[in-house]
Amino acid sequence: QVQLVESGGGLVQPGGSLRLSCTASGRIFNIYAMAWYRQAPGKQRELVASITGGGSTNYAESVKGRFTISRDNAKGPVYLQMNSLKPEDTAVYYCRALASANNYWGQGTQVTVSS
């Protein structure tokens, strides 16, 4: 089993920044990639960004150039730096760990972009 804990959400004004963190514990040696998803009210959950153990990244078109996914090492916390935030970025953000036999989700952290 893998446990994921997210932190860093909150209320921010348009144009502001937030950094989300996701820390994995448990059988983390099976994890080969990590990702951030988000789900806005009334919408489907969508991929925001992902990063492999080798450091390859992928982003949704809507966040390219504004968000950056990173990690200090292959098994350390994963971060999502979010800059130039827009009201449409408002959602619950979830961390996901992709392991060899299962996928795991965190509990989510609320991000609200509003003036």
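The Kirkwood radius of the stretch 67-114, taken over pairs of alpha-carbon atoms, gives through the Stokes-Einstein law at 20 °C and 1.002 mPa s a diffusion coefficient of 172 µm² s⁻¹.
Starting from the stretch 33-111, pick out the trypsin sites (Lys or Arg not before Pro) whose DSSP state is loop and whose Cβ has at most 14 other Cβ atoms within 10 Å. Sites meeting the loop and neighbour criteria: K43, K64, K75. Computed over protein heavy atoms with a 1.4 Å probe, the accessible surface of the stretch 11-115 works out to 52 Å² per residue. Where the accessible area of the stretch 22-115 is counted over protein heavy atoms with a 1.4 Å probe, how much of it, in %, is carbon and sulfur? Reported share for carbon and sulfur atoms: 47 percent. Using only side-chain charges placed at the Cβ, +1 for Lys and Arg and -1 for Asp and Glu, the dipole size of the chain relative to its Cα centre rounds to 120 debye. Over all directions, average the projected area of the Cα convex hull of the stretch 5-52 and note it in nm². For the stretch 5-52, the mean projected area of the Cα convex hull comes to 4.6 nm². Taking the DSSP bridge list for the chain and keeping only pairs wholly inside it, about 95 percent are antiparallel. All Cα-Cα separations within the chain were binned at 5 Å from zero, giving a P(r) of 2, 13, 24, 26, 19, 10, 5, 1, 0, each value a whole percent of the pairs.
The values are calculated or read from the model by the stated rules, or taken from the named source; none is laboratory data. Fair warning: this is a prediction, and the values are worked out from it, not measured in the lab. Neighbour counts are summed over all protein chains in view; Cβ atoms, including those assigned to glycine, are modelled from backbone coordinates with ideal geometry. When the accessible area is computed, the model is the full protein with side chains, heavy atoms only, and any ligands, DNA or RNA have been set aside. Shrake-Rupley method; radii C 1.70, N 1.55, O 1.52, S 1.80 Å.
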